[in-house]
1. Listed highest first by mean packing, meaning other Cβ atoms within 10 Å per residue, what order do 33-44, 17-28, 48-59 come in?
2. Once amide H atoms are built 1.01 Å from N in the peptide plane, which residues 5 or more positions from Arg18, or in another chain, come under 5 Å H to H?
3. Across segment 29-35, in residue order, what do the Karplus-derived ³J(HN,Hα) couplings come to in whole Hz, using 6.51 cos²θ - 1.76 cosθ + 1.60 with θ = phi - 60° and x for Gly and Pro?
4. Set the Förster radius R0 to 22 Å, insert the Cβ-Cβ distance between Tyr32 and Ala56 as r into 1/(1 + (r/R0)^6), and round the FRET efficiency to 0.05.
Amino acid sequence: MTDEKKSTANVTPLRPTRPCPECKRPSQREHYPFCSARCRNIDLNRWLTGAYVLPAVESADDSDEEQDGG
């Protein structure tokens, strides 16, 4: 076998394909975990505009300080 045939024989991907979080098509290596630059940019835009926000939970300590300080 030549070196060319050895390098192309049964190459395993670095990551398994997964469904794109935006459109559910198979992910592509260049844009992982997304399928395209378009889906990747849609997700980035959602992060930048604040669409992905975790709700704030007030702890019991915070509410006590507000009542005592007023």
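Read-outs throughout are calculated quantities, based only on the coordinates presented, and are distinct from any laboratory measurement. Since the structure is predicted, the reported quantities are computational estimates derived from the model, not experimental observations. Backbone-built Cβ (ideal geometry, glycine too); neighbour counts: all protein chains shown.
1. So the peptides 33-44, 17-28, 48-59, ranked by packing, come out 33-44, 17-28, 48-59.
2. Residues meeting the amide H criterion: Ser27.
3. Once rounded to whole Hz, the list reads 4, 5, 10, 3, x, 8, 8.
4. On the way: r = 31 Å, r/R0 = 1.42.
Between Tyr32 and Ala56 the formula returns 0.10.
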